[in-house]
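The block underneath contains the structure these notes are about, expressed in structure tokens.
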Amino acid sequence: MATRQSVEEHIQQCEDAIRNAHEEYIKASKQEHYEDASFDMSLQQLEQAYNDISKLALSCNGQQREQLHRMRLQLQQVQSNMILLDH
């Protein structure tokens, strides 16, 4: 069973990844191809956060699983927006 603390830490990791991705998205939409390395790292951070909470969800109770599922949807949305950005 996942502890409340581990779920909160992973949620925080996801929120940090989303915040970073938003910043990179804004920069990329203004600068075109200049910061591709940091943009790619941001995408990797989103993917890592997604994979981590997917694994964690396997050992959670129903409420925690639902919370992690909502976070996964947010991560997927941000990741999709970044992939579709024409920069």
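Any read-out appearing in this document is the output of simple, stated calculations on the displayed coordinates, not a laboratory observation. None of these values were measured; they are calculated from a predicted model. Ideal geometry is used to build each Cβ from the backbone, glycine not excepted, and the neighbour counts take in all protein chains shown.
Points to keep in mind about this one:
- The charge dipole of region 37-87, taken about its Cα centre with unit charges on the Cβ atoms of Lys, Arg (+1), Asp and Glu (-1) only, comes to about 260 debye.
- Full-stretch length increase - Gln31, Ser54 - with 0.36 nm per residue and alpha-carbon distance subtracted: 5.0 nm
- Against the chain, whose longest principal axis is taken from its Cα atoms, helix 4-31 shows a tilt of about 10°.
- When +1 charges are put on Lys and Arg Cβ atoms and -1 charges on Asp and Glu Cβ atoms, the dipole computed for the chain relative to its Cα centre reaches about 440 debye.
- Contact order, relative form, for the chain: 42 percent (alpha carbon pairs under 8 Å, 6 or more residues apart, mean separation divided by residue count).
- Options Ser29, Asn81, Gln13, ranked by Cα towards positive dipole end of the chain, top entry (Cβ charges): Gln13
- Using alpha-carbon coordinates, inclination of helix 62-84 to the longest axis of the chain, degrees: 10 degrees
- Principal-axis tilt of helix 36-57 within the chain, Cα atoms, nearest 10 degrees: 10 degrees
- Placing dummy labels 7 Å off each Cα toward the beta-carbon, the span from Ile83 to Glu23 is 2.4 nm.
- Taking amide H positions as modeled 1.01 Å from N, with prolines and chain starts lacking one, the residues under 5 Å from Cys60 and 5 or more places away or on another chain are Ala2.
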